[in-house]
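The values are calculated or read from the model by the stated rules, or taken from the named source; none is laboratory data. These numbers were taken from a predicted model, which means no experiment stands behind them. No Cβ is skipped: glycine too gets one built from the backbone with ideal geometry, and neighbour counts run over all protein chains shown.
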Amino acid sequence: MHLKFNLIVLILCLLVLSFPAVSISGEYSISDYSSVTGRNTGYPSGTTVNGMTDTGNIDLVMETTIYAKNLELVGIGIEGETFIGSITPLRLRYRPHEQLTLEAGALLAYDFGDGSEFDEVEPILRLVYQPAENTFVVAGTIIRTHSIHDAIYNDTAAFIENNEQGFQFRADLKKFKQDFWINWRIREENAVSERFDTASSSQIIIGDFRLDAQLVLRHAGGQKNTEDSLAYNTAYLFGGSYGFLKGVSVPLLKELEEVRIGAHFIGSSDDPADKTGLPASDGNGIEGTLILRTDPEKDMIVSIFGSYFNGNELVAGAGDPLYSVDEYVQIGSNFLFNLTAGLKFEISGVAQFVNGTFVHTEQMYFSWGKGFTIFKGM
């Protein structure tokens, strides 16, 4: 009886501390349908009210996300930043065969306050082959909504480098999730070295257990450029989590989807270019997490979380710099609402304690997407 009462009190405290009105936000979006923000596996349609087009059809896909994310990181030796803008991948989607889809168009990215022109206009050319059910090979403009930890692949990259180009393998199966990709970031030129990422995120599901293994290798170098720079940065993660209390009713939250507790080891190996004068180094850290997820209303999803990270000189070139500190504690929540006509609204936040200093992050997303059939195949 005391255990049940204490659990309810803990959940309610988490909810009160995580309420968005007191300026606390999640580090990443919990949306799982988008092709540009949030996290997912498989081949997301990017449309909220309809899925993929029928075989033989050509669709015009209109998808957009307007976002605001504020990282208030004062006093911890890390630069804070505010991102406000929109990401709109406008494209045609054609399915000549049930296992093959082609997309072509342009990604329009606009940072609010930067003038009247789009900051980025990048081509979208994506070929998706489905060799088996819920298994996909992507070539060209890959799907950047990677289900990977912030410590080794920062979610704010979506606001800075809008498109990722290369090759990708994704699987969204009942017992196995996979996202493997190569992102060719910069092509080698006479005075510029090549830069690319190779990364993998794998998850095995056994009952209520989830086993995770993740890797990001960031390379800079080449053979014929005058920059004469060769550098490698490797970051990796492994661990697991256990879900429990599924279907348990609690005050305010109604019926829980689940509570999940996890632990992960995070490591890094950094070998910078010789001309920097910096030595090669290894780092590591351990993180424990607690995540509560529920659907208190029909069109509402709530995720409440807390985590503790203890690190030792972790250097992940593509990761969130918050994980380079010795000690990092956070508690926060995400609220996702399904509104009218397929519009999704998310507001979230996190309160962070970095080496004893309080900082915080807030974020907000409005997302909408729909496909319009402009040609029906025979």
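Considering LEU12, LEU3, LEU60, which residue is at pLDDT 90 or above, out of contact with any helix residue (DSSP H, G or I) (no Cβ under 7 Å at 6 or more places or on another chain) and not hydroxyl-bearing (Ser, Thr, Tyr)?
Values: LEU12 fails: at pLDDT 90 or above; LEU3 fails: at pLDDT 90 or above.
Result of the check over LEU12, LEU3, LEU60: LEU60.
ALA316: of a type in the set (A, V, I, L, M, F, W, C) and either part of a loop (DSSP other than H, G, I, E, B) or in contact with a strand residue (DSSP E or B) (Cβ under 7 Å, 6 or more places away or on another chain) (or both), yes or no? Step through it out loud before you land on a result.
Working: of a type in the set (A, V, I, L, M, F, W, C): yes; either part of a loop (DSSP other than H, G, I, E, B) or in contact with a strand residue (DSSP E or B) (Cβ under 7 Å, 6 or more places away or on another chain) (or both): yes.
Criteria met by ALA316.
Name the residues in segment 71-91 that are in contact (Cβ under 8 Å) with a residue 60 or more places away in the chain and either among the hydroxyl-bearing types (Ser, Thr, Tyr) or in a strand (DSSP E or B) (or both), would you?
LEU71, GLU72, GLU81, PHE83, GLY85, ILE87
Give me the pairs: first residue in segment 250-279 and under 25 Å from GLY221 (Cα atoms) and small (Gly, Ala, Ser), second residue at pLDDT 90 or above and surrounded by fewer than 18 Cβ atoms within 10 Å (Cβ to Cβ), beta-carbon distance under 7 Å, and six or more apart or on different chains, which are they?
GLY267/ASN284; SER268/ASP282; SER269/ASP282
Tally up the residues in segment 177-191 that are modelled with pLDDT under 90, over 17 Å from ALA158 (Cα atoms) and assigned to a strand (DSSP E or B), please.
Number satisfying all stated conditions: 1.
Go through segment 95-122 and give me each residue that's within 30 Å of THR55 (Cβ to Cβ), free of Cβ contacts under 8 Å to residues at least 40 places away in the same chain and assigned to a strand (DSSP E or B).
Step one: filter segment 95-122 for residues within 30 Å of THR55 (Cβ to Cβ), giving 95-108, 122.
Pick out the ones that are also free of Cβ contacts under 8 Å to residues at least 40 places away in the same chain and you get 99-100, 102, 104, 106, 108.
Within segment 95-122, LEU100, LEU102, ALA104, ALA106, LEU108 meet the criteria.
Which numbered condition in (1) more than 20 Å from the chain's Cα centre (by Cα); (2) surrounded by 19 or more Cβ atoms within 10 Å (Cβ to Cβ); (3) within 30 Å of SER193 (Cα to Cα) is the only one that PRO279 fails?
Only one criterion is unmet by PRO279, namely (2).
Can you pull out the residues in segment 297-308 that are over 19 Å from the mean Cα position of the chain (by Cα) and either hydrophobic (A, V, I, L, M, F, W, C) or assigned to a loop (DSSP other than H, G, I, E, B) (or both)?
Here is the first cut: in segment 297-308, the residues over 19 Å from the mean Cα position of the chain (by Cα) are 297-300, 308.
Within segment 297-308, LYS298, ASP299, MET300 qualify.
Checking ASN334 against (1) modelled with pLDDT under 95; (2) in contact with a strand residue (DSSP E or B) (Cβ under 8 Å, 6 or more places away or on another chain); (3) surrounded by fewer than 20 Cβ atoms within 10 Å (Cβ to Cβ); (4) not hydrophobic (A, V, I, L, M, F, W, C): exactly one of these is not met. Which one?
ASN334 satisfies all of (1) modelled with pLDDT under 95; (2) in contact with a strand residue (DSSP E or B) (Cβ under 8 Å, 6 or more places away or on another chain); (3) surrounded by fewer than 20 Cβ atoms within 10 Å (Cβ to Cβ); (4) not hydrophobic (A, V, I, L, M, F, W, C) except (3).
Restricting the search to segment 218-247, which residues are surrounded by 18 or more Cβ atoms within 10 Å (Cβ to Cβ), among the aliphatic types (A, V, I, L, M) and modelled with pLDDT under 95?
ALA220, ALA231 - these are the residues of segment 218-247 that are surrounded by 18 or more Cβ atoms within 10 Å (Cβ to Cβ), among the aliphatic types (A, V, I, L, M) and modelled with pLDDT under 95.
Condition test on PHE309, is it in contact with a helix residue (DSSP H, G or I) (Cβ under 9 Å, 6 or more places away or on another chain) and at pLDDT 95 or above?
Values: in contact with a helix residue (DSSP H, G or I) (Cβ under 9 Å, 6 or more places away or on another chain): yes; at pLDDT 95 or above: yes.
Yes: the conditions hold for PHE309.
Just to check your reading of the model, which residue among THR135, THR141 is of a type in the set (S, T, N, Q), crowded, with 19+ Cβ neighbours inside 10 Å and at pLDDT 95 or above?
Values: THR135 fails: crowded, with 19+ Cβ neighbours inside 10 Å.
Only one candidate qualifies: THR141.
Kindly provide the set of residues from segment 272-301 that are more than 30 Å from VAL49 (Cα to Cα) and modelled with pLDDT of 90 or more, ordered by number. Show your work before the answer.
Taking segment 272-301 as the starting set, the residues that turn out to be more than 30 Å from VAL49 (Cα to Cα) are 272-290.
Matches in segment 272-301: SER281, ASP282, GLY283, ASN284, GLY285, ILE286, GLU287, GLY288, THR289, LEU290.
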